[in-house]
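> I am attaching a structure below and will ask some questions about it afterwards.
Coordinate-derived values only; no laboratory data. Keep in mind that this is a model prediction, so the values were computed, not measured. As a convention, Cβ positions derive from the backbone with ideal geometry for all residues, glycine included, and neighbour counts pool all protein chains shown.
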Ligand SMILES: Cc1cc2nc3c(=O)[nH]c(=O)nc-3n(C[C@H](O)[C@H](O)[C@H](O)COP(=O)(O)OP(=O)(O)OC[C@H]3O[C@@H](n4cnc5c(N)ncnc54)[C@H](O)[C@@H]3O)c2cc1C
């Protein structure tokens, strides 16, 4: 039975930074993430540019995720993807973590970093649609280049859908928006941009079926119903942005008390502790006075949660880690790093 010092539930920004920081504090660390990728809900907006993370130049969210993952890997934690934590119990002093894979994991402490829960895109309810997900049916955009010179149908009328449609304008050959309601519900300035570019916006319209190409690998036509009429549209790609289903994710630890009765979020109780000794929280899941639900806020939480996990295991440990600029752990890493840096006058 392999026992970890810290097991982090959730591989979003809070979980990833916790993984880095607990490595810095010499703790044997594991991260468990239900999705096949790390990065948490930053994956919802991969092409957006982040301007509000201290000390970073404007950076695209997907690159930011990559940086977080690289940093999290500094001290080589164990990372389990596609692993949903389903139950946490305690045997003597050790937490026993049950997962959807049937595997059991053991840990001295836990950091809960599950954010707002598990987000899954609302899928198109058309039989057989899933087979096109390998080719030209998308629920997110992982890279705009994929859509260069393509005719793209965007389904949805909220901020997510319209933001994507605007991002696609300089790249795609043509963008068409369809929405089942009478009016788009996105920010007006973004809707204006679509109108300025003469984008066809079909309201009161929805996709009723997908027609495949000859070898049945990709969508060739989309059948749309609008005001009782049927339209057939030839497309290169279809992007569905109908929002997300949120699965609340704290059912695995009933004894952790939420902020208020029936609330989802956890009461930070100061120092990112929860109501259960040995279980800490970081990031959007934890709430306390003056909390900021921003990326920078997740980093402060991670430091607090990790430092308290360290003290829980070893009450005589230093309260804080030595800052990285003067921390001996980085001597060798600095030599490697500085070899690659060329300073300019
Ligand atoms: C559209 C949008 C734009 C934003 N823009 C900005 C911005 O510009 N600047 C900024 O500072 N902030 C921004 N934010 C906020 C920022 O993304 C969040 O504050 C941040 O992602 C919170 O990180 P987290 O790690 O706490 O949670 P999350 O990012 O939600 O990550 C939680 C992770 O836990 C996983 N998980 C949940 N339950 C389980 C389980 N049972 N087992 C295993 N894994 C589980 C989830 O799959 C997820 O990967 C934005 C948010 C949104 C939605």
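> Arranged by the count of other C-beta atoms within 10 angstrom, fewest first, what order do 32, 322, 27 take?
Lowest to highest Cβ neighbour count: 322, 27, 32.
> Rounded, prolate or oblate: which fits region 279-345, taking a ≥ b ≥ c as square roots of the Cα gyration tensor eigenvalues, rounded meaning a/c under 1.5, else prolate when a/b beats b/c? Intermediate results must be reported in sequence, preceding the final value.
Details: a/c = 3.53, a/b = 1.56, b/c = 2.27.
Judged from the Cα gyration tensor, region 279-345 comes out oblate (a/c at least 1.5, b/c at or above a/b).
> Another question, if that's okay. Based on other C-beta atoms within 10 Å, arrange 45, 21, 132 from fewest to most. Mind showing how you got there, number by number?
Working: 45 17, 21 29, 132 20.
Listing 45, 21, 132 from fewest to most nearby Cβ atoms yields 45, 132, 21.
> Using a Förster distance of 30 angstrom, determine the FRET efficiency expected from the C-beta separation of residue 131 and residue 73, and round it to 0.05. Don't skip to the end; give the middle numbers.
Details: r = 34 Å, r/R0 = 1.14.
It comes to 0.30.
> Using alpha-carbon positions, what is the distance between the centroids of region 288-345 and region 229-273, in Å?
So the separation of the two Cα centres works out to 29 Å.
> Any chance you could run the full-extension gain for residue 217 through residue 144? It's 0.36 nm times the residue separation minus the Cα-Cα distance, nm to one decimal. Please report the intermediate quantities before stating the final value.
Details: separation 73, 0.36 × 73 = 26.28 nm, distance 2.14 nm.
Result for the pair: 24.1 nm of gain on full extension.
> May I ask what percent, to the nearest 5, of DSSP beta bridges between residues of the chain are antiparallel?
Numbers: 31 of 63 bridges.
Here the antiparallel bridges make up roughly 50 percent for the chain.
> Something else: With both bridge residues required to lie in region 124-242, what share of the DSSP beta bridges run antiparallel, to the nearest 5%?
Details: 13 of 27 bridges.
The antiparallel fraction comes to roughly 50 percent.
> By how many degrees, between 0 and 90 and to the nearest 10, does the Cα long axis of helix 295-313 differ from the longest principal axis of the chain?
Orientation of helix 295-313: about 30 degrees from the principal axis.
> Among 84, 28, 316, which one shows the highest mean-square fluctuation when the chain is modelled as a Gaussian network with alpha-carbon springs under 10 Å?
316
> Grab the alpha carbons of region 238-304, take their convex hull, and tell me the volume per residue in Å³.
Values: hull volume 8.6 nm³, N = 67.
It is 128 Å³ per residue.
> A further question follows. In a GNM of the chain with a 10 Å cut-off on Cα contacts, which of 280, 147, 20 has the highest mean-square fluctuation?
Per the Cα network of the chain with a 10 Å cutoff, 147 tops the list.
> Give the shape of region 1-63 as rounded, prolate or oblate, defined through the alpha-carbon gyration tensor: a ≥ b ≥ c are the square roots of its eigenvalues, a/c under 1.5 means rounded, and otherwise the shape is prolate if a/b is larger than b/c and oblate if not.
On the way: a/c = 4.20, a/b = 1.76, b/c = 2.38.
It comes out oblate by the Cα gyration axes.
> Using alpha carbon coordinates only, what is the Rg to Rh ratio of region 124-242, with Rh defined as the Kirkwood radius?
Details: Rg = 13.3 Å, Rh = 14.2 Å.
For region 124-242, the value is 0.94.
> Between residue 189 and residue 59, what is the label-to-label distance in nm when each label sits 7 Å out along the Cα-to-Cβ direction?
Result: 2.5 nm between the two label points.
> Here's something else I'd like to know. Given the options 278, 143, 23, which has the most mean-square fluctuation in a GNM of the chain, springs set between C-alpha atoms less than 10 angstrom apart?
Per the Cα network of the chain with a 10 Å cutoff, 143 tops the list.
> Shifting gears a bit: Per q in 0.13, 0.15 1/Å, what log10 I(q)/I(0) does a Debye calculation on the alpha-carbon atoms of the chain return?
Calculated log10 I(q)/I(0) at the listed q: -1.03, -1.19.
> Angle, helix 159-168 long axis vs. longest principal axis of the chain, Cα atoms, 0 to 90°, nearest 10?
Here the helix axis deviates by roughly 70 degrees.
> Based solely on its DSSP helices, what 222 nm [θ] is calculated for the chain when runs of n ≥ 4 H residues each add -39,500 (n - 2.57) and the sum is averaged over all residues, nearest 500 deg cm²/dmol? Before the final figure, lay out the partial values.
Details: 6 runs with 72 residues, N = 345.
Result for the chain, helices only: -6500 deg cm²/dmol.
> Compute the angle between helix 61-72 and the longest alpha-carbon principal axis of the chain, please, reported from 0 to 90 degrees and rounded to the nearest 10.
So the helix axis and the longest Cα principal axis differ by about 20 degrees.
> Let me know the whole percent of all Cα-Cα pairs from region 51-112 that are separated by more than 20 Å.
Considering region 51-112, 49 percent of its Cα-Cα pairs are separated by more than 20 Å.
> Report the extension gain between residue 246 and residue 230 in nm, rounded to one decimal, defined as 0.36 nm multiplied by the number of residues separating them, less their alpha carbon distance.
Details: separation 16, 0.36 × 16 = 5.76 nm, distance 3.26 nm.
Fully extending the segment from residue 246 to residue 230 adds 2.5 nm.
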